[in-house]
Amino acid sequence: MFRYRLAIETSGLPGKAEPAELVRPAVQHHDPRLVERVHSRKVERCGLRSALARAGAAVAAVVGMLALSAMIAPRAFASTVPCNLSVSGDLTPRVRGGEYHATFGDPVTLSWHVATTCGARTEIYINTTYAAQTISNVSDGSILVSPAATTSYRLNVRTYRQDGSSFWAFVDTETVMVGRVAEYRRNSEGRVVEYRLHTSAVRTAAGRDAARVLSNVKEGYRQYAAGKLFRVDLIPHGLKLTDLPGYTYLRGVHTIDGRLYDDVRGIANVHELPNVAVGEEDILDDSMPTRDGRFDGNTLIHELGHIVLIHSTPGNIRTTAESMRQAQVERGGDFVGDDSYTSFNVDEYFAEATPAWFMRPLDEDTQHEYSRPWLQDNDRPLYELMREVYTS
């Protein structure tokens, strides 16, 4: 009714509206002239509607284009303005809250810090494993790992630009050296077997000292040990080295300096494996009786020095150390500890320098020799070699 009335009211001459009540009777009597006028105005009204619809669509299209331009313009601008896209950062392994590159049974937290420029999104990968992503220019995070053997972890970053393209960047590598400590006991049948029922204080102390030494091997040399599992075998009080599984074949055999292996309380690299065996009395632990006049830890670190030289350095380090030893002999220089023992071969020469680097003397009489200042003053080339292999 409203639309019909509107059509009639707009059918008069411009500026003059005809009353609606006059139109209805005329339509009711079917005046041909009035019907034609109504029809023509209906057609005009449909045309007006179509024009308005087309105009509305045009306006909507313009508004849409403006909105789209506003969304696209920053990205188009960013893609055309030169930007030096760069990635920097570091990867840090932590064991029990401390920064360590070696573990003896503890899980390792790998923490990263990554900073990028011009990136819209960054993905973090440890080796090939996806770890996290961020839409900011800075990423800090961590994951927990439990490596079964010495493992190198690479921090890789994939950064996406504003235009959608991406690139990979290698940021850092950290190698975690992995080992375990084994304790032994004689069981009810009289056989010596590994004892795993509890974690003792001496085992914890041995793992701590071993991790400290291996953690201080520089990254470039830790990588040579990738895939290897280090082991520290503890010789119990009242048992001999040759009572332990894996060492029984040494019964009755003499060492290069004439001792029986049955009486030895420290050995390394048996079967060419990265293993050491030391007496429990050598490990720092207040619950254990210590040897009279001898300091704890010297033998363990000495044996680990053998392992580092054999399993975590390239051949040129051994060659260099041998040249240094020969030169020290020729000039009649002093050697750490017992001169005849330390100067015997390159293995003992390097191994004895390791507890000196870590300031772990054999006894009170040689305390001044097992130190970095002594090495620096009496065998400077060997001191520099220790600085090359170990961190300060």
Do we have Leu144 as surrounded by fewer than 17 Cβ atoms within 10 Å (Cβ to Cβ), at pLDDT 90 or above, under 12 Å from the mean Cα position of the chain (by Cα) and hydrophobic (A, V, I, L, M, F, W, C) here? yes
How many residues are farther than 26 Å from Pro314 by Cβ and in a loop (DSSP other than H, G, I, E, B) when one looks only at the stretch 361-392? 7
Taking Ser136, is it surrounded by fewer than 17 Cβ atoms within 10 Å (Cβ to Cβ), modelled with pLDDT under 95 and among the polar types (S, T, N, Q)? yes
Across (1) hydrophobic (A, V, I, L, M, F, W, C); (2) surrounded by 14 or more Cβ atoms within 10 Å (Cβ to Cβ); (3) in a loop (DSSP other than H, G, I, E, B), Ile256 clears everything bar (2)
Which pairs have Cβ atoms under 9 Å, sit 6 or more apart or on different chains, and link a residue in the stretch 378-392 that is in the same structural domain as Thr342 (by TED's automatic domain parsing) and surrounded by fewer than 19 Cβ atoms within 10 Å (Cβ to Cβ) to one that is in a loop (DSSP other than H, G, I, E, B) and of a type in the set (Val, Ile, Thr)? Asn378/Val336
Candidate set: the stretch 162-181, residues that are outside any strand (DSSP E or B) and either of a type in the set (Asp, Glu) or free of Cβ contacts under 8 Å to residues at least 40 places away in the same chain (or both); chosen: the one nearest to Ala102 (Cα to Cα): Ser165
Which residues, taken from the stretch 224-253, are part of a loop (DSSP other than H, G, I, E, B) and either under 20 Å from Val193 (Cβ atoms) or among the β-branched types (Val, Ile, Thr) (or both)? Pro236, His237, Gly238, Leu239, Lys240, Leu244, Pro245, Gly246, Tyr247, Arg251, Val253
What are the pairs with Cβ atoms under 9 angstrom where one residue, in the stretch 229-243, is at positive phi and the other, located anywhere, is assigned to a loop (DSSP other than H, G, I, E, B) and of a type in the set (A, V, I, L, M, F, W, C)? Sequence gap at least six, or different chains. none
Considering the stretch 182-224, residues that are of a type in the set (Gly, Ala, Ser) and without any contact (Cβ under 8 Å) to a residue 24 or more places away in the chain, and then whichever is nearest to Ser392 (Cα to Cα), we arrive at Gly220
Looking at the stretch 338-354, is at least one residue under 34 Å from the mean Cα position of the chain (by Cα), of a type in the set (Gly, Ala, Ser) and either modelled with pLDDT of 95 or more or not in a loop (DSSP other than H, G, I, E, B) (or both)? yes
Within the stretch 259-275, is even one residue at pLDDT 95 or above, in contact with a Phe, Trp or Tyr (Cβ under 8 Å, 6 or more places away or on another chain), crowded, with 19+ Cβ neighbours inside 10 Å and under 17 Å from Gly207 (Cβ atoms)? yes
Considering (1) crowded, with 17+ Cβ neighbours inside 10 Å; (2) within 31 Å of the chain's Cα centre (by Cα); (3) more than 22 Å from Leu309 (Cα to Cα); (4) not polar (S, T, N, Q), say which one Ala201 fails and leave the rest. (1)
Say whether the condition of being buried (at least 17 other Cβ atoms within 10 Å of the Cβ), among the hydroxyl-bearing types (Ser, Thr, Tyr) and touching an Asp or Glu at 6+ places or on another chain (Cβ under 8 Å) is met by at least one residue in the stretch 169-179. yes
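State yes or no: is Val157 closer than 30 Å to Cys118 by Cβ and not in a loop (DSSP other than H, G, I, E, B)?
Details: closer than 30 Å to Cys118 by Cβ: yes; not in a loop (DSSP other than H, G, I, E, B): yes.
Criteria met by Val157.
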Scan the stretch 321-337 for residues that are touching a residue at least 24 places away in the same chain (Cβ under 8 Å), within 41 Å of the chain's Cα centre (by Cα) and surrounded by fewer than 17 Cβ atoms within 10 Å (Cβ to Cβ) and jot them down. Glu322
Does Val171 meet the test of being out of contact with any Lys or Arg (no Cβ under 6 Å at 6 or more places or on another chain) and assigned by TED's automatic domain parsing to the domain that holds Asp106? yes
When both residues are 6+ apart or on different chains and their Cβ atoms are under 8 Å apart, which pairs have a first residue that lies in the stretch 263-281 and is under 16 Å from Ala225 (Cα atoms), and a second that is among the small types (Gly, Ala, Ser) and part of a loop (DSSP other than H, G, I, E, B)? Asn275/Gly246
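The values are calculated or read from the model by the stated rules, or taken from the named source; none is laboratory data. These numbers come from a predicted model, not from an experiment. Don't worry about glycine lacking a Cβ; one is built from the backbone with ideal geometry, like all the others, and counts go over all protein chains shown.
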